[in-house]
Amino acid sequence: MKTIVFAAQILFCFVLLLFQLLTMAAAAPSITGVFDHGSYGVALVKVDEAPRKCSAARKSAAPTGGGGAPPKPLLVAAPREAGEYPVVLFLHGYLANNSFYSQLLEHVASHGFVVVGPQLYAISGPGTTDEINSAAAVINWLPPRRPPPAPA
């Protein structure tokens, strides 16, 4: 008899919890989760790098401030709506292509960010210093942020 009463109490608690969850979901449809798509439409663009020259000439001729082609091939995801958005530099994983992460870049951009993903090539070891310098060159290639307008 005690087992039946205990099972009935558990069933009652379960039904009550389910009812509360359904009521909360119906009352607050505007609450979104972190994995929900953002409110911005997104454009995904591949940008080719500048033609390669010898490394010494390339370092001295590296464009800065958004001029010319970037120092590395880029995958850029950005909101379609005109405006100023914060920039995220996305450095992809080990033995990967930046295009493997296109859906992630688009998702972040849908929340109001410009996501820049340079294509990195080195796996590990001595070549990683060049990749770190390449990531810095991409940052330097981006246009500088304008200061906010002075109050009137």
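Computed quantities for the displayed model
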quantity	calculated
Exclusive hit being out of contact with any Leu (no Cβ under 6 Å at 6 or more places or on another chain), part of a loop (DSSP other than H, G, I, E, B) and at pLDDT below 85, set Gly65, Gly112, Gly83	Gly65
From the options Gln119, Gln103, residue that is over 18 Å from Asp48 (Cα atoms) and either of a type in the set (A, V, I, L, M) or assigned by TED's automatic domain parsing to the domain that holds Asp48 (or both)	Gln103
Residues satisfying the stated conditions in the range 86-107, i.e. touching a Gly at 6+ places or on another chain (Cβ under 7 Å) and part of a helix (DSSP H, G or I)	Asn98, Tyr101, Leu105
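The values are calculated or read from the model by the stated rules, or taken from the named source; none is laboratory data. Just so we're clear, the structure is a prediction, and the values are computed from it rather than from any experiment. Here the Cβ is made from the backbone with ideal geometry for all residues, glycine too, and neighbour counts use every protein chain on show.
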